[in-house]
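Undergrad: The structure's right below; bear with me while I get my questions together.
The numbers here are math on the coordinates, done by the rules we state, and not lab data. It should be emphasised that the depicted structure is a prediction, and the values quoted were computed from it without experimental measurement. Neighbour counts run over all protein chains shown; Cβ positions are idealised from the backbone, glycine included.
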Amino acid sequence: MKKIYHLSLLLIVILITNPLTAQNTANKNILPGSWLGKISTNGVDLRLVFNIKLNDKDSLIATADSPDQGAKDIPGGQVTLNKQKIVIEFPSINGEYTGTVASDSTINGTWAQNGVTLPLNLKKQAASK
């Protein structure tokens, strides 16, 4: 009887945690691409683009562009995905994006840099051919 109880408990744990794993995998696979958003500071709107890729080790990597400031390919540091939450670090510019994946085309979040945090919602851009 104890054996059946333990097997049942194990099956319940697998069923509960498996959808979460599948969800993370789905998010990891929809994230690659270019994501565009705007921050507004002191009456000026600045576009930010995060270019997210899946490397050969199945990890997410990122660079950033700030077209309005002429900056391109700013190297990203660690990219963390936990359920729907994504964090992209940019140590070279003391910046960090934290967002929640709302859909396969929207991430809602904030940009933090040098002690200032601003709302930054991203839309996935159409892939260029």
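Undergrad: Show me, for the range 54-68, the HN-Hα J-couplings you get by feeding each phi into the Karplus relation (A = 6.51, B = -1.76, C = 1.60, θ = phi - 60°), rounded to Hz, glycine and proline as x.
TA: My calculation for the range 54-68 gives 9, 7, 5, 9, 6, 10, 7, 10, 8, 10, 10, 10, 10, x, 6 Hz in order.
Undergrad: So, counting K/R as plus one and D/E as minus one, what does the shell of residues with Cβ under 14 Å around GLN84 add up to?
TA: +2
Undergrad: Still on this model: Given R₀ = 30 Å, what would the calculated FRET efficiency be for SER66 paired with ASP104, taking r from the Cβ atoms and rounding to 0.05?
TA: 0.75
Undergrad: In whole Hz, with x marking every Gly and Pro, tabulate ³J(HN,Hα) for the range 40-47 from phi via Karplus 6.51 cos²θ - 1.76 cosθ + 1.60, θ = phi - 60°.
TA: Running phi through 6.51 cos²θ - 1.76 cosθ + 1.60 with θ = phi - 60° gives 10, 9, 6, x, 10, 9, 10, 7 Hz.
Undergrad: Considering amide H positions built from the backbone, and no H for Pro or chain starts, which residues 5 or more places from SER105, or on another chain, come under 5 Å of its amide H?
TA: Those qualifying (amide H under 5 Å, at least 5 residues apart or on another chain) number zero.
Undergrad: What net charge do the residues around VAL101 carry, taking every other residue with its C-beta under 14 Å from that of VAL101, with Lys and Arg at +1 and Asp and Glu at -1? Mind showing how you got there, number by number?
TA: On the way: positive: LYS28, LYS83, LYS85, LYS123, LYS124; negative: ASP104.
Charge balance in the 14 Å sphere: +4.
Undergrad: Given Cβ point charges of +1 (Lys, Arg) and -1 (Asp, Glu) and nothing else, what value in debye, to the nearest 20, does the dipole of the range 38-97 about its Cα centre take?
TA: 180 debye
Undergrad: Further question: Report the full-extension gain for the segment LYS53 to ASN94: residue separation times 0.36 nm, less the Cα-Cα distance, to one decimal in nm.
TA: Working it through step by step, the gained length comes to 12.7 nm.
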